[in-house]
Every structure is written in structure tokens, then in C-alpha cells.
1. For residues in region 88-127 being hydroxyl-bearing (Ser, Thr, Tyr) and assigned to a loop (DSSP other than H, G, I, E, B), which is nearest to Ser61 (Cα to Cα)?
2. Just to be sure before I move on: is Asp77 at pLDDT 90 or above and not in a helix (DSSP H, G or I) in the structure I sent?
3. Restricting to region 61-74, what's the tally of residues that are surrounded by fewer than 19 Cβ atoms within 10 Å (Cβ to Cβ) and not in a loop (DSSP other than H, G, I, E, B)?
4. Yes or no: Cys99 within 20 Å of the chain's Cα centre (by Cα) and of a type outside the set (D, E, K, R)?
5. Any idea which of Leu90, Leu85 is closer than 17 Å to Arg53 by Cα, modelled with pLDDT of 95 or more, in contact with a Phe, Trp or Tyr (Cβ under 6 Å, 6 or more places away or on another chain) and among the aliphatic types (A, V, I, L, M)?
6. All but one of (1) free of Cβ contacts under 8 Å to residues at least 12 places away in the same chain; (2) more than 18 Å from Gln125 (Cβ to Cβ); (3) not small (Gly, Ala, Ser) hold for Glu106; state the number of the condition that does not hold.
Amino acid sequence: MRFGTVGETGGGIESCFQPGRSIMHELSIVASIVESVTESLAAYPGARVVEVRLKVGALASVVEDSLQFCYGIATADTPLEGSRLVVRILPVVVHCAACGAEGSLESLQNFRCPSCGEPAGDVRQGRELEIDSIEIDEAKESVFP
């Protein structure tokens, strides 16, 4: 079996990635997450990571499926191997200078106040990309009689 390259036609399997789209961005993000969690885990000798929870804003330019794919690769042979990555996508919340309202945008194509319809560029939420929490299973100490 032969794997094709982006845009290649003919035999084999063509790439599942869109032309011009790369997962390198997500891979570097996940590598940083793994490094950060591994450093935090040092305070809990023998503990195992069960779940890593992220908050990702809708404007963070991150594809969740790519994050999940890269997480499996980046956690291999690390203390995070076998753990789950849970991604919570946060909506874009804007503040409107015209009416003072704050609300979530219905579409990323229309940065207008959900209350009055005026343009609203004061983004209060939606750019986040952060570790929200880490669930660990602490090592049980063995007791030998």
C-alpha cells in the first residue's frame, strides 16, 4: 500500500489533509501542552495522567480533530500516554460600545452586537488556548506485610 501526497492522483491513498493545510501548528501546541503537564506531574511522583482539559476559543485558529490526532502522537512514550484530551470550545463574546451589551456571536463572519446589531470589535472571549485542568490518578503505595 502506498500513501499519496497532497494533491496526488492515481493509485494509493491520498492525503486526508487539505492542500495548504498543515497539522504542524497543532503538533507544536500539543508538544507544549505535553511538556507543561509533564513538568507539573513532577510534583506527584508515580502519578498517571488520566485527562487533560483545554479551553480553546473559537478564534484560536486551532482544529480540534488535528489537536486530538497530534495528542496521540505527542503523548506516546510519555507519562501522558493513554490519557484523554478534552477540548472545550469557547464562543466569541464581544462587548458593544454602542449599547453596552455583552454577548456571544452567532457567526464568526459577522462581528455585530447580538443586541443592537452595531459593529462590535471588543472581543472579551474567544482567543483562549489554555490548559483548564489536569486529572491525575495518584500512585498507590504498596504495603508489604
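1. The initial filter retains those residues of region 88-127 that are hydroxyl-bearing (Ser, Thr, Tyr), namely 104, 107, 115.
Those still in the list that are assigned to a loop (DSSP other than H, G, I, E, B) too: 107, 115.
Working: Ser107: 15, Ser115: 26 Å.
Looking at residues that are hydroxyl-bearing (Ser, Thr, Tyr) and assigned to a loop (DSSP other than H, G, I, E, B), I get Ser107.
2. Details: at pLDDT 90 or above: yes; not in a helix (DSSP H, G or I): yes.
The answer is yes for Asp77.
3. Matching residues across region 61-74 total 6.
4. On the way: within 20 Å of the chain's Cα centre (by Cα): no; of a type outside the set (D, E, K, R): yes.
Answer is no for this residue.
5. Numbers: Leu90 fails: in contact with a Phe, Trp or Tyr (Cβ under 6 Å, 6 or more places away or on another chain).
From the options Leu90, Leu85, the qualifying one is Leu85.
6. (2)
The values are calculated or read from the model by the stated rules, or taken from the named source; none is laboratory data. Bear in mind the structure is a predicted one, so any value in this text is a computation, not a measurement. Methodologically, a virtual Cβ is constructed for each residue, glycine included, from the backbone with ideal geometry; neighbour enumeration extends over all protein chains shown.
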